[in-house]
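Following: one structure in structure tokens, then a few remarks.
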Amino acid sequence: MSQIFSEEELQNEEWRLVVSFPNYMISSLGRVKSLERTAKFGKSTRIIKEKILDGRLDKDGYKIITLHNNGKPKTVKIHRL
């Protein structure tokens with residue numbers, strides 16, 4: 001569900017940390033990205049690279065996304081971040 005933005009829009013895009021979710025940022029264009037971090041999987045540790053996340057629409061047509069904080073998932077409306 002990605003949108004197409006012009007080159008000018010992408011150059012002027014501003015990113016800010018999401019208040020309750022320190023591993024995520026939201027842009028002035030409403031895009032959400034997860035930040036690079038290390039995560040433990042059993043006995044091993046992996047580096048998870050930064051990437052733009054793709055949301056989905058809820059039953060009312062609002063774009064939503066599921067974010068995680070300390071292993072707990074929470075589905076939020078993107079415009080509320």
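Could you list, in sequence order, the residues of segment 41-60 that are out of contact with any helix residue (DSSP H, G or I) (no Cβ under 7 Å at 6 or more places or on another chain), open to solvent by less than 50 Å² (accessible area, probe 1.4 Å) and either assigned to a loop (DSSP other than H, G, I, E, B) or of a type in the set (S, T, N, Q) (or both)?
Correct list: 58 only.
Working only within segment 61-78, note down all residues that are open to solvent by 100 Å² or more (accessible area, probe 1.4 Å) and either within 18 Å of residue 39 (Cβ to Cβ) or in contact (Cβ under 8 Å) with a residue 40 or more places away in the chain (or both). Give the derivation first.
In the first step, residues of segment 61-78 are kept if they are open to solvent by 100 Å² or more (accessible area, probe 1.4 Å); the result is 62, 70, 72, 74.
Of everything in segment 61-78, those that are open to solvent by 100 Å² or more (accessible area, probe 1.4 Å) and either within 18 Å of residue 39 (Cβ to Cβ) or in contact (Cβ under 8 Å) with a residue 40 or more places away in the chain (or both) turn out to be 70, 72, 74.
Select from segment 1-21 the residues that are open to solvent by less than 80 Å² (accessible area, probe 1.4 Å) and part of a strand (DSSP E or B) and list them in ascending order.
15, 18, 21
Looking at segment 22-40, which of the residues that are under 20 Å from residue 75 (Cβ atoms) and of a type in the set (Val, Ile, Thr) is least open to solvent (accessible area, probe 1.4 Å)?
Only one residue tops the list, namely 32.
The values are calculated or read from the model by the stated rules, or taken from the named source; none is laboratory data. Note that this is a predicted model, so its numbers are computed, not measured. For neighbour counting, all protein chains shown are included, and Cβ atoms are generated from backbone atoms with ideal geometry for every residue, glycine included. Surface accessibility is based on the protein's heavy atoms, side chains included, excluding ligands, DNA and RNA. Shrake-Rupley method; radii C 1.70, N 1.55, O 1.52, S 1.80 Å.
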